[in-house]
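The next block holds one structure in the form of structure tokens; read it before the comments.
Derivation of every value follows stated rules applied to the coordinates shown; laboratory data play no part. Since this is a predicted model, take the numbers as computed values, not measurements. All Cβ positions, even for glycine, are placed from backbone atoms using ideal geometry, and neighbour counts span all protein chains on display.
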Amino acid sequence: MARLPVIVVAVVLGGEWRAPAGEIRLDRCEDRVDVTVDGEPFTSYLFAGHRKPILFPILGPAGTGLTRQWPMVRGVAGEPHDHPHHESLWFAHGSVNGLDFWGSHPEATKPESRNGPRVEQTTLSVTGPGQPAAIDAENRWMKPGGEVVCTDVRRLEFAGDAQARTIDFTITIRADHGPVTFGDTKEGTMALRVHPALQPKDAHGSAGATGRITDSEGRTDADVWGQAARWVDYSGTVEGRVQGVAVFDHPTNLRHPARWHARGYGLVAANPFGLHEFTGASPGAGDHTVAAGESLTLRYRFVFHLGDAAAAALGDRWTAWAARTVKPR
């Protein structure tokens, strides 16, 4: 497969410019962008072959994968085969103008099928030297017949050192084809499916769970689901080392702190829309409409770290990240 030139860029850590702790390389291919830290694989941004862009695989600083491999890779011992739409790391929602961009669609069993709602890339660029290591992309959210519902512009910034690797994910939904309503459902939104070892319990046929879910308010495991928190973390022992994955919600986001669709079987998703199921509010209370010609921007950080939530000092990391000045897109 043809490769375009590699780009080497500087790193931003803790919200401030510093000497690079890790050399971030972005290698653009025909269907993806490969990301490495000091020559070691970090992740790939897959913008073709799936019903929405995803990041897979994702390797932490210990060099081990920290998200579930199925359904992208089959036959991995101990991995459950539930929820085939849980593809490593992605952004989607179960009700966008009434369309389900989140769930699997039995009528569309192949990624290239045109039968289900899908998110397709229109443009992609990689930032040059002197800037954070970043991918900028635009996408169309499309009905089964190809009609465009809305578009998004997203920016993914990557950084890493010996203790943690981060992905900053900023997405702006643009209501450029009429108003866009994100409906009140728990099925969404900024999501990740963790390695089975990070689950607090085995479920759906998984094996080897060692993990604990922790949120910014001190809640753990099942008590995290549906609650409001600045961040949520899954930590456990993967291939003999304690490590974990945290998701941060930015204070400028809609309805911050986010409610969390955080399950013991390994799904963690920040969802500002699912108020009815999360809180018992009246149906539709969480609906949010982006008026025609307007936009909605959401910002998240993923931290793939060594140690558990306390050892990774996630509270301090969230505070430093949230204090960054973010220019409107």
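Quick notes
- The smallest convex shape that holds all Cα atoms of the chain, its convex hull, gives 129 Å³ per residue.
- Counting every other Cβ atom within 10 Å of each residue's Cβ, 142, 72, 190 order from fewest to most as 72, 142, 190.
- Segment residue 74..residue 241, full-extension length gain: 57.7 nm, with 0.36 nm per residue of separation and the alpha-carbon distance subtracted.
- In the chain, the DSSP-assigned H stretches of four residues or longer account for a calculated mean residue ellipticity at 222 nm of -1000 deg cm²/dmol, using -39500 (n - 2.57) per stretch and the full residue count as denominator.
- In the chain, a dipole from Cβ-located charges (positive for Lys and Arg, negative for Asp and Glu) runs towards its positive end, and of 290, 206, 306 it is 290 whose Cα lies farthest in that direction.
- Computed from backbone phi, the HN-Hα couplings of segment 137-143 come to 9, 10, 9, 10, 8, 10, 6 Hz, rounded to whole numbers (Karplus: 6.51 cos²θ - 1.76 cosθ + 1.60, θ = phi - 60°; Gly and Pro given as x).
- Neighbour cut-off at most 16 other Cβ (10 Å), DSSP loop, trypsin sites (Lys or Arg not before Pro), segment 50-82: 74
- Computed on the chain, with alpha-carbon pairs under 8 angstrom and 6+ residues apart, the relative contact order is 17 percent.
- For segment 239-282, backbone nitrogen atoms closer than 14 Å to the point 7 Å from residue 288 Cα along Cα-to-C-beta are found at 249-261, 270-276.
- Overall, the chain carries a charge dipole of about 220 debye about its Cα centre when +1 sits on the Cβ of Lys and Arg and -1 on the Cβ of Asp and Glu, all other atoms neutral.
- Taken over segment 51-203, lysine pairs spaced eight or more positions apart, or on distinct chains, with alpha carbons under 20 Å apart number 4.
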